[in-house]
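To start, the structure under review is shown below, and the notes come after it.
What follows draws every value from the coordinates through simple rules; no lab data is involved. These numbers were taken from a predicted model, which means no experiment stands behind them. Cβ placement follows ideal geometry from the backbone for every residue including glycine, while neighbour counts extend to all protein chains displayed.
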């Protein structure tokens, strides 16, 4: 049985999805949420296989929900079901961890198929959205998007993209942890980003050059 949570701020949409999914013998709706924070709480309480997620919600929006679930102990497969048709939301949601992206104009059978595919770990997009996503990802980035950053900040950004903590970055670069925190704040400010996750996505999207870790103290001693 595929366990589903529905997160949408419109009650009529939630009721319609509950009815639609309730007709399927292999799907059960185990929770609903009308805002982003409630969605995170319901997911934690019910541990669903799939989260049907709207992007436009009060409080935490859908992107913030994706970020909040990024390191959650139980992370469901997320199917975004939204009225946001633009490429920016599409790319951002897929980078944020969504496994499928559907517009609310999609036929009912597409929604059901997306839920089943997500539960099986299979990504799904309509042919139109897949084409748009491909084109959006192939679009060249602006000239030198990292121009505002110093060489040291670029190194820190690369290590953030690898998932390193401030302590690990301090060790890798042989600098103080407080200095790392200062660099991180500067990176977020200069690139107009909200948090480390957005910084990591930015680094991956703009193909930040790999930072080659310096030799450890032990290696330097040996040499």
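A Förster distance of 30 Å, applied to the separation of the beta-carbon atoms of residue 144 and residue 174, puts the FRET efficiency at 0.65.
If you restrict to DSSP beta bridges whose two residues both lie in the chain, what percentage is antiparallel, to the nearest 5? Please list the in-between numbers first.
Values: 0 of 20 bridges.
Roughly 0 percent of the beta bridges in the chain run antiparallel, per DSSP.
Ordered by the number of other Cβ atoms lying within 10 Å of each residue's own Cβ, fewest first, 94, 57, 1 fall into the sequence 1, 94, 57. Between residue 152 and residue 28, the contour length at 0.36 nm per residue exceeds the alpha carbon distance by 39.6 nm.
Counting neighbouring Cβ atoms within 10 Å and putting the fewest first, the residues 128, 155 line up as 128, 155.
Of 46, 122, the sequence from fewest to most neighbouring Cβ atoms within 10 angstrom is 122, 46.
With R₀ fixed at 22 Å, the C-beta to C-beta distance from residue 87 to residue 190 puts the FRET efficiency at about 0.35.
Estimated from helical segments only, the mean residue ellipticity of the chain at 222 nm is -15000 deg cm²/dmol, where each DSSP H run of four or more residues counts as -39500 (n - 2.57).
Taking a ≥ b ≥ c as the square roots of the eigenvalues of the Cα gyration tensor of segment 2-132, is the shape rounded (a/c under 1.5), prolate (a/b larger than b/c) or oblate? Let's see the in-between values first.
Numbers: a/c = 1.28, a/b = 1.06, b/c = 1.21.
The shape class here is rounded.
Reported to the nearest whole Å, the Cα centre-to-centre distance from segment 74-137 to segment 1-54 is 16.
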